[in-house]
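Presented below is the structure to which this report refers.
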Amino acid sequence: MLLNRNFTTNLHNYGFRSNQEYMRKVKKNLLLIGGTGRNVGKTTLANEIIKKFSPQQRIIGLKVSTFRKNENQFHGDHQMPSETGFLITKEDLRLKHKDTATMVLAGAERAYYVQTTGDVIMKAYREFEKTENKEGLPLICESRGLISYIKPGLFLMIVDQENMKDDSIKYIKYADRILYYKNGDLSNLMDLINDLSITNEGWALKSQK
């Protein structure tokens, strides 16, 4: 499936500043999943990956929500970050329908929800690493905002052309693989799952080795 002409027009005009791109931190143990909007299958994809790899590999699930003005429709009704600008919550399975709860139920050793404002997202991630992932275990994380600051092992982007935030297009150039969401389905989901690998060097696509 190809992006329509309007979607791809002036794609390069949406790139990040070059100095920011050069400063991105390499985190090969991190697999990032981003999407063009809410309810486009990010958690479904995360859980399928967890199911595939958790029987032989300890995995942590993570969801990072960045709060900005006028984006309540994308994030839903969540508690806003504390005075520090971010809040890290470990999943306790009290509400089994939550995204991070389904990650644990899918096989993640544990899962966390990070709420943050956009200007401290990297500070929040560093704090998460320092306090909750000292072992450096493989991570599967729902977040597109982190791609501005981190070069992960893989960045998977889900596109729903009927459900797009205004700035969605600028993230596509970072994607290692794009999936398309339409009518409740993700394109080529199992083909992607079977193409994934995790080693001591981090996440990778077999087809790109």
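Since every read-out is calculated from the coordinates, none of them should be taken as a lab result. Model, not experiment: these values are computed from the prediction. All Cβ positions, even for glycine, are placed from backbone atoms using ideal geometry, and neighbour counts span all protein chains on display.
Gain on full extension, evaluated as 0.36 nm per residue between N39 and E201 minus their Cα-Cα distance, stands at 55.2 nm. Full extension of the chain between R126 and K25 yields a length gain of 35.3 nm, computed as 0.36 nm times the residue separation minus the alpha carbon distance. Put simply, when 145-157, 89-101 are sorted by average Cβ atoms within 10 angstrom per residue, most first, you get 145-157, 89-101. The modelled label-to-label distance for the pair K151/Q208, using points 7 Å beyond Cα in the direction of Cβ, is 1.2 nm.
Note on L137 and S187: the extension gain reaches 15.2 nm, defined as 0.36 nm multiplied by sequence separation minus the Cα-Cα distance.
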